[in-house]
Amino acid sequence: MNNKIVKKTLSILVDADACPVKNEITRVSERYNLEVIFVSNGGIRPFSSSLVKIIIVDEEPDAADTWIVNNLVSGDIIITNDIPLASDCLKLGAKVIKTNGQTLDQDTIGLAVASRNLAQNLRETGEIKGYQAPYSPSDRSQFLRTLDLSIQKSI
């Protein structure tokens with residue numbers, strides 16, 4: 001599938017399949033007149049904003065991640081909870097924000113990768129069960145603050 005987009009300015013690229021803050025991202029992008037690109041394997045409803053582009057990739061593993069890495073421009077803002085994707089994007093000069101508002105950067109990505117790998121290993125050995133705290137209103141508020149601040153620093 002050829003979904004190449006030619007971008008000229010700062011964009012927000014979103015690993016959109018399990019993203020709980022799509023509406024918030026859209027509202028913030030409209031305030032700053034920034035393009036948002038939601039990348040997904042499918043199942044995303046259209047948005048009325050002309051600033052929103054939806055890219056549907058093949059259903060291959062990591063197809064959305066590959067598209068994001070191949071299409072980001074240094075300085076873009078990436079929204080993802082995927083630690084390997086975040087690491088790849090940081091190497092290319094992007095800014096990365098998790099959906100709870102935590103930023104990942106060169107100083108924090110190493111610990112995030114190590115923690116992810118440890119948790120994955122512990123789940124595989126059965127020592128811990130998969131558990132993720134529910135997404136809270138404070139997570140949403142922190143995300144909005146972080147996104148707004150990141151955009152202000154970038155424009």
Val52's amide H: which non-local residues (gap 5+, or another chain) put their own amide H closer than 5 Å, with H modeled 1.01 Å from N in plane and none for Pro or chain starts?
Val36
Would you mind telling me the share, in percent, of accessible area of region 1-110 contributed by carbon and sulfur at probe 1.4 angstrom?
47 percent
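From the protein chains alone at 1.4 Å, what is the descending order of accessible area for Glu30, Glu124, largest first? If you can, show how the numbers build up before the last one.
Working: Glu30 95, Glu124 135 Å².
Highest to lowest solvent-accessible surface, that is Glu124, Glu30.
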Computed label-point distance, nm, for sites Glu30 and Thr9 using a 7 Å Cα→Cβ extension
1.7 nm
Could you compute how much accessible surface Arg31 exposes when probed at 1.4 Å, giving the result in Å² to the nearest 10?
150 Å²
Quick check: residue separation of Ser141 and Asp105 times 0.36 nm, minus the Cα distance between them. What number comes out in nm?
10.9 nm
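State which entries of Lys22/Lys153; Lys22/Lys53; Lys98/Lys129 exceed 19 angstrom in Cα-Cα distance in the structure shown. Provide the component values of the computation, followed by the final result.
Working: Lys22/Lys153 21 Å; Lys22/Lys53 12 Å; Lys98/Lys129 22 Å.
The pairs that break the limit, which is 19 Å between Cα atoms, are Lys22/Lys153; Lys98/Lys129.
Provide the per residue accessible area, probe 1.4 Å, for region 1-83, rounded to a whole number of square angstrom. Don't skip to the answer; put the middle values down first.
Details: 4210 Å² over 83 residues.
Here the per-residue accessible area is 51 Å².
Let me know the shape class of region 1-111, please: from the alpha-carbon gyration tensor, a ≥ b ≥ c as square roots of the eigenvalues, rounded when a/c is under 1.5, otherwise prolate if a/b is greater than b/c, or oblate. Mind dumping the intermediate values first?
On the way: a/c = 1.42, a/b = 1.20, b/c = 1.19.
In terms of gyration-tensor shape, rounded.
The values are calculated or read from the model by the stated rules, or taken from the named source; none is laboratory data. All values derive from a computational prediction rather than experimental measurement. Ideal geometry is used to build each Cβ from the backbone, glycine not excepted, and the neighbour counts take in all protein chains shown. For accessibility, only protein heavy atoms count, side chains too; no ligands or nucleic acids. Shrake-Rupley method; radii C 1.70, N 1.55, O 1.52, S 1.80 Å.
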